[in-house]
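Visitor: The structure follows.
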Amino acid sequence: MDYNNKKFKPVNNTENGETTEETIFEYKQINNILTAEYKGGQIIKGHLIGLVDENGNIEMRYHQINKRGELMTGICYSKPEFNENGKLRLYESWKWTSGDMSSGNSILEEL
C-alpha cells in the first residue's frame with residue numbers, strides 16, 4: 001500500500017475526538033515510514049508518524065495543537081479498505097495519551 005501524496009478527511013469520529021470533516025490530512029510515505037501533516041476544524045496544526053505493514057495497516061503516533069491552545073498526543077491503528085468507487089477508507093482505533101486518556105474510533109476517506 002502506498003499512501004504517498006494522498007489526502008484524507010474524517011467522515012466519522014467519536015465525540016471525544018478533535019478531528020472533523022474540516023480536518024485535512026496530507027500523507028507522505030517513503031518505504032514503510034508514513035508521515036502526515038494535518039489541520040482544520042478544531043486543530044490548528046498536527047503531525048503524525050507511523051509504520052505501514054505489508055497489508056497497508058498503519059501503527060502511528062500523533063500530536064496536535066487545538067484551538068484551545070492545548071498540546072494533545074495519542075496513538076492510532078488504521079486498517080485500509082477500498083470503497084465502491086475505488087477510494088481508500090481508513091478505519092481507525094485511537095487513544096489519547098494526554099488529556100482524559102480516552103479512546104475512540106474514526107473513519108477517514110481519501111479525497
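Visitor: In the chain, how does Rg compare with the Kirkwood Rh, expressed as the Rg/Rh ratio over alpha carbon atoms?
Guide: Here the Rg-to-Rh quotient is 0.94.
Visitor: For the peptides 67-74, 29-36, 89-96, what is the packing order when you average, over each peptide's residues, the other Cβ atoms within 10 Å and list the highest mean first?
Guide: The most tightly packed comes first, giving 89-96, 29-36, 67-74.
Visitor: So between Asn105 and Ile44, what do we pick up on full extension, going 0.36 nm a residue minus the alpha carbon distance?
Guide: That works out to 19.9 nm of additional length.
Visitor: For Lys67, list the lysines whose Cα falls under 29 Å from its own Cα; do not include residues on the same chain fewer than 8 positions away.
Guide: Those lysines meeting the cut-off are Lys6, Lys7, Lys9, Lys28, Lys39, Lys45, Lys79, Lys95.
Visitor: A further question on this structure: For Cα pairs less than 8 Å apart in space and 6+ apart in sequence, what is the mean separation divided by the residue count of the chain, i.e. the relative contact order in percent?
Guide: 23
Visitor: Find the Cα radius of gyration of region 21-76, compare it with 2.2 N^0.38 Å by division, and give the number to two decimals.
Guide: 1.17
No lab work stands behind these numbers, since they all come straight from the coordinates. Keep in mind that this is a model prediction, so the values were computed, not measured. Backbone-built Cβ (ideal geometry, glycine too); neighbour counts: all protein chains shown.
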